[in-house]
1. Would you please name the residue that is farthest from the chain's Cα centre (by Cα), looking only at residues in segment 83-96 that are modelled with pLDDT of 75 or more and surrounded by 15 or more Cβ atoms within 10 Å (Cβ to Cβ)?
2. How many residues are assigned to a helix (DSSP H, G or I) and either over 21 Å from Val80 (Cβ atoms) or open to solvent by less than 30 Å² (accessible area, probe 1.4 Å) (or both) when one looks only at segment 105-128?
3. Out of (1) more than 30 Å from Thr61 (Cβ to Cβ); (2) at pLDDT below 80, the odd one out for Thr137 is which?
4. Which members of segment 129-141 meet the condition of being of a type outside the set (Val, Ile, Thr) and open to solvent by 30 Å² or more (accessible area, probe 1.4 Å)?
5. Name the residues in segment 1-46 that are modelled with pLDDT of 75 or more and of a type in the set (Phe, Trp, Tyr), would you?
6. If only one of Asp78, Asp49 is more than 30 Å from Phe3 (Cα to Cα) and either at pLDDT 75 or above or not hydrophobic (A, V, I, L, M, F, W, C) (or both), which one is it?
Amino acid sequence: RRFGSFGGCLRTTVAREGIKGVYRGSVAGFCALAMYYGVSSLIQGRLPDSSVANFGERPLTASAVSAGLAIALAYPLDTVGRKLALQSGKNERLYRGTVDCIRKTYVTEGLRGYFSGMGLFALCFVPAIAISMQLDTISKE
């Protein structure tokens, strides 16, 4: 194990790289997060209200479809953010920044490199996002 605790990880990263090392990859991660919510809300607003499980104004299936599409569109940025964050603390950097990571991932892994692990991620988060959207819709009524 490289670090004994969260505090140890934080101290080591700040000592080696400064505060910038703590936030490495966060720009891509924040962009992915904004895309998840923005795209899913946009798509959900355009889907028809037809579902067996209609708990609120929007059907649960429409929420799940919009969450799945949002994840598919935003996951590549999330992957780039993770790759940048994982190189923190290493002496040799593979990527110089977000654009360099996008380019090198495409060259070495192709499009598949951006979507590695998305299935499991979607399996965990599509239901959570769909239910969250339903609760948000119900709370606005």
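The values are calculated or read from the model by the stated rules, or taken from the named source; none is laboratory data. Just so it is clear, the structure is predicted and the values come from calculations on it, not from any experiment. Cβ placement follows ideal geometry from the backbone for every residue including glycine, while neighbour counts extend to all protein chains displayed. Protein only, heavy atoms only, side chains kept; ligands, DNA and RNA dropped before computing areas. Shrake-Rupley method; radii C 1.70, N 1.55, O 1.52, S 1.80 Å.
1. Step by step, filter segment 83-96, then rank; the result is Tyr95.
2. Number satisfying all stated conditions: 8.
3. Exception for Thr137: condition (1).
4. If the condition is that a residue be of a type outside the set (Val, Ile, Thr) and open to solvent by 30 Å² or more (accessible area, probe 1.4 Å), then Ser132, Leu135, Asp136, Ser139, Lys140, Glu141 are the ones that fit.
5. Within segment 1-46, the first condition is being modelled with pLDDT of 75 or more, and the residues that meet it are 4-39, 42.
Residues satisfying the conditions are Phe6, Tyr23, Phe30, Tyr36, Tyr37.
6. Asp49
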